Amino acid sequence: MTSQKEQLSYLLKSDKDLKELIKSVPKIVPFKREKGFEGLVRLICEQQLSVASAKAIFDRLAKIVSPFEAKNFL
């Protein structure tokens, strides 16, 4: 897996428009997400709903599915 710095370097070389956009932003702060199944479920919720609603739903799920793994979710 490549580092964020390597990924950003690749994007800057590949896309001149994106390069200009990135230069105009003081600092890009990536979202931190859990890895694996838990991160995937959280990301899907956030894409479908507002982040606040997604957090509330995910927090409810996390309380009833423990440990939070695919086999326990199904």
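Since every read-out is calculated from the coordinates, none of them should be taken as a lab result. It should be emphasised that the depicted structure is a prediction, and the values quoted were computed from it without experimental measurement. Note: ideal-geometry Cβ built from the backbone for every residue, glycine included; neighbour counts use all protein chains shown.
Quote to one decimal, in nm, the extra length available between Ile57 and Glu6 on full extension: 0.36 nm per residue of separation minus the C-alpha distance between them. Please report the intermediate quantities before stating the final value.
On the way: separation 51, 0.36 × 51 = 18.36 nm, distance 3.43 nm.
Extending this stretch completely gives an extra 14.9 nm.
Distance check, please: which entries in Lys5/Lys55; Lys23/Lys71; Lys16/Lys71; Lys27/Lys63; Lys13/Lys55 exceed 32 angstrom between their Cα atoms?
On the way: Lys5/Lys55 29 Å; Lys23/Lys71 44 Å; Lys16/Lys71 44 Å; Lys27/Lys63 35 Å; Lys13/Lys55 36 Å.
Correct reply: Lys23/Lys71; Lys16/Lys71; Lys27/Lys63; Lys13/Lys55.
Between Ile44 and Glu20, what FRET efficiency comes out of the Förster formula 1/(1 + (r/R0)^6) with R0 = 25 Å and r the beta carbon distance, rounded to 0.05? Each step should come with its number before you reach the end.
On the way: r = 32 Å, r/R0 = 1.27.
Result of the calculation: an efficiency of 0.20.
Quote the convex hull volume per residue of the chain, based on C-alpha atoms, as a whole number of Å³.
Taking only Cα atoms, the chain has a hull volume of 136 Å³ per residue.
What residue among Leu18, Leu49, Leu61 shows peak mean-square fluctuation when the chain is described by a Gaussian network model with Cα springs under 10 Å?
Leu18
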